[in-house]
Amino acid sequence: MDIEKVGVVGAGQMGNGIAHVLALAGYEVLLTDIGEEALTAAVALVDQNMTRQVARDKIAQAEKDAAMARIGTTLTLTDLGATDLVIEAATERETVKQAIFDELLPHLLPHTILTSNTSSISITRLASRTDRPERFMGFHFMNPVPVMQLVELIRGIATDDATYRACLGVVEKLGKTAASAEDFPAFIVNRILMPMINEAVYTLYEGVGNVRSIDLAMKLGTNHPMGPLELADFIGLDTCLAIMNVLHEGLADTKYRPCPLLTKYVEAGWLGRKTQRGFYDYRGEMPVPTR
C-alpha cells in the first residue's frame, strides 16, 4: 500500500523528531498532543533544527520550507483517523498507549496501519487489544531522530507481511536503516543498552566510582561517545527505569533488577536533562555531577 499521510501521537522529544524526518522525506504529517503549548514548541523546535541543517548545507532552504509546510497540528486525537499510518510516540506507559489506541480505533480508515514507538512494551499485547493486530507493528526510532540512522521494526505475532513491507518502505524513504527485532521485552537495542546503564548506576551506588570517573572510563576506555550516566540523563531516567521494569517483569530474571539509586532519582523528580537535574546538574553553564 502507498503511505502518503502519517499521524504522529505525541509532540515531545521523540514525536517532534519523527515529524521532522517524515516531513523532510515528503510525507504529509499530522502531529497531535494534549496541549497547544506542546504543539507550538514542537513545531518551533523542528523549524530550529531544520534551520541548523540548512546552515550546515545538509538540506536546501527550499527543502526546509516545503517540509515545514507539510506539518500540520491538531489537539483532536481522532483527526489522525484519516491517515495511512499512525506512529504513537507518547510516554512509555502501557496504560497511556492503550488509551490512545482505544480512542483512535473507531475513527481509523480500514487500511490504516497502527504502530508504536515503544522502546520496550509488548507489541503483541498492544496489538491484541485493537481491531487490526495484523496491521500493527513496533516502529522504534532512536533519539535524536534526525541524527540516528537506526529504526527497529518489531513484528507482533499477528503482524502480516504487507504491514512489515509498508513500514520497511517508510524507513527506506527516510534514508534510515531498519533492524528487525522479535517481540521480546526491550527488543534489541534497549535489551543490551539499558542493563549497561543500570550496571553503571549500580557501580555508582556501590561506590566503585563517582559520576565523572564512570563516564570518563567508558568514554575513553571503550570509545563510547557519551558515558552511560550522561546518556541516561539524555534519555530520561524515568524512561530508563520504565524499561528496566519491563525487562525485570517480562523476563523474571534478577539480573534486570533496577538499581535502587535509579529509582531514588526518579522519585526525587531528577529525571535528567529534561528536568535540569539527574546524574548531572544542568542549571549552570556546565553540567556538574550530583554524586
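A few remarks follow.
- Residues in segment 34-48 that are assigned to a helix (DSSP H, G or I), among the hydrophobic types (A, V, I, L, M, F, W, C) and surrounded by 12 or more Cβ atoms within 10 Å (Cβ to Cβ): A38, L39, A41, A42, V43, L45, V46.
- Positions within segment 59-112 being among the hydrophobic types (A, V, I, L, M, F, W, C), in contact (Cβ under 8 Å) with a residue 12 or more places away in the chain and either farther than 24 Å from S128 by Cα or outside the structural domain of A38 (by TED's automatic domain parsing) (or both), in sequence order: I59, A67, M68, I71, L75
- Close pairs (7 angstrom Cβ cut-off, 6 or more residues apart or separate chains): within 18 Å of E88 (Cβ to Cβ) in segment 152-171, of a type in the set (K, R) anywhere: T163/R135; Y164/R155
- Residue that is surrounded by the most Cβ atoms within 10 Å (Cβ to Cβ) [pool: residues in segment 233-254 that are closer than 16 Å to R191 by Cβ, touching a Leu at 6+ places or on another chain (Cβ under 9 Å) and at pLDDT 95 or above]: C240
- The condition of being in contact (Cβ under 8 Å) with a residue 24 or more places away in the chain, part of a strand (DSSP E or B) and buried (at least 24 other Cβ atoms within 10 Å of the Cβ) holds for only one of L31, L22, that being L31.
- Meets criteria (among the β-branched types (V, I, T), outside the structural domain of A99 (by TED's automatic domain parsing), assigned to a loop (DSSP other than H, G, I, E, B) and over 30 Å from A23 (Cα atoms)) for V208: yes
- Matching residues, segment 180-222, being surrounded by fewer than 16 Cβ atoms within 10 Å (Cβ to Cβ) and among the charged types (D, E, K, R): E182, E199, E206, K219
- With respect to the conditions (1) part of a helix (DSSP H, G or I); (2) farther than 22 Å from A90 by Cβ, H224 falls short on a single one, namely (1).
- Considering residues of segment 261-291 that are assigned to a helix (DSSP H, G or I) and in contact with a helix residue (DSSP H, G or I) (Cβ under 7 Å, 6 or more places away or on another chain) only, the residue surrounded by the most Cβ atoms within 10 Å (Cβ to Cβ): Y265
The values are calculated or read from the model by the stated rules, or taken from the named source; none is laboratory data. Keep in mind it's a predicted model, so treat the numbers as computed, not measured. Glycine gets a Cβ as well: all are built from the backbone with ideal geometry, and neighbour counts include every protein chain shown.
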